[in-house]
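The values are calculated or read from the model by the stated rules, or taken from the named source; none is laboratory data. It should be emphasised that the depicted structure is a prediction, and the values quoted were computed from it without experimental measurement. Positions of Cβ are generated from backbone atoms using ideal geometry, with glycine treated the same way; all protein chains shown enter the neighbour counts.
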Amino acid sequence: MPRAVPVPPGMRFTTSKRVTPQDVDRAEETVRRVLARVPDRVLSVHVTLDRRTDPVGPSPALVRMRVELAGRCADAQAAAPAMERAVALAGERLRRRLESTGRDRKGSRRRVSS
């Protein structure tokens with residue numbers, strides 16, 4: 001059963017029993033680093049960390065990051081054999097999504113003519 005991990009206000013984590021506090025710290029640092037470059041106000045952050053057991057193959061680490069900003073949301077997901085790699089991949093995908101949605105918003109404002 002997932003459990004919520006207490007962190008500073010505005011950032012929530014849901015984890016499985018097989019996720020370590022170090023995994024949570026790594027994900028929190030990754031999200032904070034990505035959001036440091038975002039000019040919009042962050043309304044909420046929810047990160048889900050899970051380590052699945054699979055008798056046939058390796059235990060994949062699954063990460064989902066969801067950020068709600070003023071006027072938009074961005075999601076990123078990743079799976080990898082190790083949690084460290086899954087967090088890094090999800091962080092990179094979140095960064096790219098936030099950059100692209102930021103460009104889209106700026107571009108749509110430019111297209112409006114008076």
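Structural remarks
- Matching residues in region 65-88 - criterion: being surrounded by 18 or more Cβ atoms within 10 Å (Cβ to Cβ) and either outside any strand (DSSP E or B) or not β-branched (Val, Ile, Thr) (or both): Met65, Leu69, Ala74, Ala76, Ala78, Met83, Ala86, Val87
- All conditions in (1) modelled with pLDDT of 90 or more; (2) farther than 27 Å from Thr20 by Cα hold for Lys106, with the sole exception of (1).
- Matching residues in region 29-41 - criterion: being under 15 Å from Ala76 (Cβ atoms) and surrounded by 11 or more Cβ atoms within 10 Å (Cβ to Cβ): Thr30, Val31, Arg32, Arg33, Val34, Leu35, Val38
- Residue count for region 66-82 under the criterion of being out of contact with any Ser or Thr (no Cβ under 8 Å at 6 or more places or on another chain) and either of a type in the set (A, V, I, L, M) or at pLDDT below 85 (or both): the result is 8.
- For region 10-24, the tally of residues that are out of contact with any Phe, Trp or Tyr (no Cβ under 8 Å at 6 or more places or on another chain) and either on the phi > 0 side of the Ramachandran plot or surrounded by 14 or more Cβ atoms within 10 Å (Cβ to Cβ) (or both) stands at 10.
- Considering region 1-63, the qualifying strands (runs of 3 or more DSSP E), each wholly inside and each with 1 or more residues that are at pLDDT 90 or above, run over 11-15, 42-51.
- Pairs, first modelled with pLDDT of 95 or more in region 85-103, second of a type in the set (S, T, N, Q) and crowded, with 18+ Cβ neighbours inside 10 Å, C-beta under 6 Å, six or more apart: Val87/Thr30; Gly91/Thr30
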